[in-house]
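Below you'll find the structure, written out as structure tokens, and then a few comments.
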Amino acid sequence: MFPIWDARGEPVGFGGRALDAQGPKYKNTADTVLYQKSRLLYGLHWAKGEIVARGEVVICEGIPM
């Protein structure tokens with residue numbers, strides 16, 4: 001399990017990775033007023049300073065295999 005933070009660095013939910021093949025590979029907190037998976041970019045609060053310093057950001061989604 002790992003915490004999920006919003007852009008301010010406030011914890012808003014949790015995620016987890018299954019260690020076996022049963023059930024979903026990842027399980028996140030259900031959508032709430034504070035946590036909406038489709039509106040949150042994981043790790044943004046860590047990268048904000050560098051994004052501002054460089055004046056640009058490239059966002060990529062996982063590549064299907």
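The values are calculated or read from the model by the stated rules, or taken from the named source; none is laboratory data. Predicted model, so just to flag it, every value in this text is computed and none were measured. Please note: Cβ atoms are built from the backbone with ideal geometry, for glycine as well, and neighbour counts cover all protein chains shown. Each accessible area value is taken on the protein alone, full model and side chains, heavy atoms only, with ligands, DNA and RNA left out. Shrake-Rupley method; radii C 1.70, N 1.55, O 1.52, S 1.80 Å.
Compute the acute angle (0 to 90°) between the alpha-carbon long axis of helix 44-54 and the principal axis of greatest extent of the alpha-carbon atoms of the chain; round to the nearest 10°.
30
With Kirkwood's inverse mean 1/r over C-alpha pairs for Rh, give me the Rg to Rh ratio of the chain, two decimals please. Don't jump to the answer; show the numbers that get you there.
Values: Rg = 13.9 Å, Rh = 13.6 Å.
Ratio value, two decimals: 1.03.
Give me the accessible area per residue for the chain, probe 1.4 Å, as a whole number in Å².
That works out to 89 Å² per residue.
For the full complex of protein chains and a 1.4 angstrom probe, list V33, V52, V12 by accessible area with the highest value first.
Details: V33 140, V52 115, V12 20 Å².
Final ranking, largest accessible area leading: V33, V52, V12.
Any idea what the relative contact order of the chain is, in percent, if you count C-alpha pairs under 8 Å spaced at least 6 apart? Display every interim value, and only then the final one.
On the way: 63 pairs, mean separation 18.0, N = 65.
Rounded, it is 28 percent for the chain.
Of the GluC sites (Glu not before Pro) in the chain, which ones lie in a loop per DSSP and count no more than 12 other C-beta atoms within 10 Å? Before the final figure, lay out the partial values.
Values: sites: E50, E56, E61; in loops: E56, E61.
The qualifying sites are E56, E61.
I'd like the accessible area for R17: 1.4 Å probe, protein heavy atoms, all chains in place, Å² to the nearest 10.
120
On the protein heavy atoms, probe 1.4 angstrom, tell me the percent of accessible surface of the chain carried by carbon and sulfur.
Accessible surface attributable to carbon and sulfur in the chain totals 59 percent.
Helix-derived [θ] at 222 nm for the chain: sum -39500 (n - 2.57) over DSSP H runs of at least 4, divide by residue count, nearest 500?
Taking each H run of at least 4 residues, the total per residue is -5000 deg cm²/dmol.
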